[in-house]
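Beneath this line is the structure, given in structure tokens, with notes to follow.
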Amino acid sequence: MLRKRVTIPDLARELGLSVGTVSNALNDKGRVSPETRELVVETARQRGYSRNQSAAALRTGRHDLVSVYLPRHTADLSFYMEFTIGLSISLGKAGVDLLIASPEANQDRRSGIIDGAVVVDWNKGLQAPLELLAAGIPVLAADGVPDDSIKPTAIVSTDYHELVRNMTSAAIASGAKRPLLVAPDEFDTAWQHDIITGFQAACREVEVEAMQSSFPVGGTATELIELLERVVPELRPDCLVFGGQRLAGIAHVTFGYGEPDSAIPWLVSCAGDPLTEISSPVITAADPAPLGFGQRCGQVLLHIIESGQPLPHTIDWPAQVNWAEHWTVTGATE
């Protein structure tokens with residue numbers, strides 16, 4: 001037998017309070033004493049009350065639901081997991097749920113049930129958020145957009161061009177003469193573009209050849225080892241700059257690269273893995289603090305949803321650099 005749904009009028013009758021008082025207490029609004037609010041919330045919990053989302057949406061025009069778009073083939077990278085957790089924490093404090101969206105989903109249907117969206121590493125082939133923007137739904141781009149034709153409601157991003165230029169310049173100043181960038185592949189994003197241009201700028205400043213290879217962001221350890229076994233003997237780099245997360249850690253564990261007396265003493269990760277790279281004394285790794293990054297993106301999007309007024313269109317998110325101990329020259333830390 002189905003259990004009857006507990007409603008606000010049910011709670012009001014049981015407690016001898018008005019419907020308005022109970023509603024304000026449950027929604028943390030209005031002038032309700034702390035004692036009454038606590039009584040209402042506890043009674044609602046005991047009686048199994050749950051909010052009627054459809055009715056609330058009709059009343060407020062909001063659905064308390066935000067979607068997030070993540071790049072494909074990144075499920076095993078901690079950056080995206082931590083970012084999503086941080087985003088959900090920020091939204092959860094405001095009573096907003098998070099939906100991990102598929103880029104292939106029907107956006108005409110989804111645009112009627114969400115209040116906003118966050119896109120992480122927006123690539124040129126992603127169309128779904130453009131449909132949301134066309135429907136008047138705010139969309140925040142985390143780490144930028146691939147070209148100026150895409151106009152999100154707001155952008156929160158790290159300056160990867162300057163970050164990578166800084167780390168590569170420090171490696172060269174510490175003694176590296178043949179730096180090689182292992183750039184993100186199949187990932188047409190602002191992040192990918194900024195890593196490449198930052199590396200090239202550092203090499204150009206001191207007239208050093210900017211050697212470059214590529215590797216898929218979601219590639220396996222075996223595939224990376226095969227790549228390095230092929231390109232290192234051919235190009236003879238003494239510095240490896242990895243665009244993707246955990247790749248520098250794999251190179252260090254497998255080949256010993258990064259050690260001061262190794263064939264490649266200078267090892268850089270542009271998106272440091274917390275276990276294998278950021279904590280390593282022989283790898284220089286950028287720490288974009290993805291948990292806090294996700295929380296900040298959630299705060300910005302909530303402000304736009306609740307107030308209807310955007311913050312400055314582009315907001316910087318600084319990343320720290322954890323420098324390898326044997327580097328003789330280091331740059332700024334953020």
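Pairs are defined by a Cβ separation below 6 Å, a sequence spacing of at least 6 or placement on different chains, a first member in the stretch 35-60 that is crowded, with 16+ Cβ neighbours inside 10 Å and of a type in the set (Phe, Trp, Tyr), and a second member that is modelled with pLDDT under 80 and assigned to a loop (DSSP other than H, G, I, E, B); the pairs so defined are Tyr49/Val6. Out of all the residues in the stretch 223-258, which are surrounded by 16 or more Cβ atoms within 10 Å (Cβ to Cβ) and among the acidic types (Asp, Glu)? Asp238 - this is the single residue of the stretch 223-258 that is surrounded by 16 or more Cβ atoms within 10 Å (Cβ to Cβ) and among the acidic types (Asp, Glu). In this structure, does Ile278 turn out to be free of Cβ contacts under 8 Å to residues at least 40 places away in the same chain and part of a loop (DSSP other than H, G, I, E, B)? Considered against the rule, which asks whether it is free of Cβ contacts under 8 Å to residues at least 40 places away in the same chain and part of a loop (DSSP other than H, G, I, E, B), Ile278 comes out as no. The criterion of at least 1 residues that are without any contact (Cβ under 8 Å) to a residue 40 or more places away in the chain and more than 18 Å from Thr284 (Cβ to Cβ) is met, among strands (runs of 3 or more DSSP E) falling completely within the stretch 153-269, by 179-185, 211-216.
Residues that are farther than 25 Å from Asp261 by Cβ, within 28 Å of the chain's Cα centre (by Cα) and of a type in the set (Gly, Ala, Ser): does the stretch 216-236 have at least one? Among the residues of the stretch 216-236, at least one is farther than 25 Å from Asp261 by Cβ, within 28 Å of the chain's Cα centre (by Cα) and of a type in the set (Gly, Ala, Ser), which makes the answer yes.
Yes/no matrix, rows are residues, columns are (1) out of contact with any helix residue (DSSP H, G or I) (no Cβ under 9 Å at 6 or more places or on another chain); (2) under 25 Å from Ile89 (Cα atoms):
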residue: His252; (1), (2): yes, no
residue: Asp261; (1), (2): yes, no
residue: Asp273; (1), (2): no, yes
residue: Pro288; (1), (2): no, yes
residue: Arg296; (1), (2): no, yes
residue: Ile304; (1), (2): yes, yes
residue: Trp327; (1), (2): no, no
residue: Thr330; (1), (2): no, no
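Within the span defined as the stretch 106-125, one or more residues are within 30 Å of Glu229 (Cα to Cα) and not in a strand (DSSP E or B). Here are the criteria: (1) surrounded by fewer than 22 Cβ atoms within 10 Å (Cβ to Cβ); (2) within 24 Å of Gln212 (Cβ to Cβ); (3) within 15 Å of the chain's Cα centre (by Cα). Tell me which single one Gln299 does not satisfy. Result: Gln299 fails condition (2) only. Going residue by residue through the stretch 215-222, is there one that turns out to be buried (at least 16 other Cβ atoms within 10 Å of the Cβ), closer than 14 Å to Leu163 by Cβ and either in contact with a helix residue (DSSP H, G or I) (Cβ under 6 Å, 6 or more places away or on another chain) or not assigned by TED's automatic domain parsing to the domain that holds Asp76 (or both)? So far as the stretch 215-222 goes, no, none of its residues is buried (at least 16 other Cβ atoms within 10 Å of the Cβ), closer than 14 Å to Leu163 by Cβ and either in contact with a helix residue (DSSP H, G or I) (Cβ under 6 Å, 6 or more places away or on another chain) or not assigned by TED's automatic domain parsing to the domain that holds Asp76 (or both). In the stretch 301-334, of all residues being in contact with a strand residue (DSSP E or B) (Cβ under 6 Å, 6 or more places away or on another chain) and either outside any loop (DSSP other than H, G, I, E, B) or polar (S, T, N, Q) (or both), the one that is modelled with the lowest pLDDT corresponds to Thr333. Determine whether Glu131 is at pLDDT 95 or above, more than 30 Å from Asp261 (Cβ to Cβ) and in a helix (DSSP H, G or I). Against the criterion (at pLDDT 95 or above, more than 30 Å from Asp261 (Cβ to Cβ) and in a helix (DSSP H, G or I)), Glu131 does not qualify. A residue that is touching a residue at least 40 places away in the same chain (Cβ under 8 Å) and under 26 Å from Asp188 (Cα atoms) occurs somewhere in the stretch 321-328. In this structure, Val68 qualifies as modelled with pLDDT of 85 or more, buried (at least 16 other Cβ atoms within 10 Å of the Cβ) and β-branched (Val, Ile, Thr).
The values are calculated or read from the model by the stated rules, or taken from the named source; none is laboratory data. Remember, predicted model here, so these are calculated numbers, not experimental data. For neighbour counting, all protein chains shown are included, and Cβ atoms are generated from backbone atoms with ideal geometry for every residue, glycine included.
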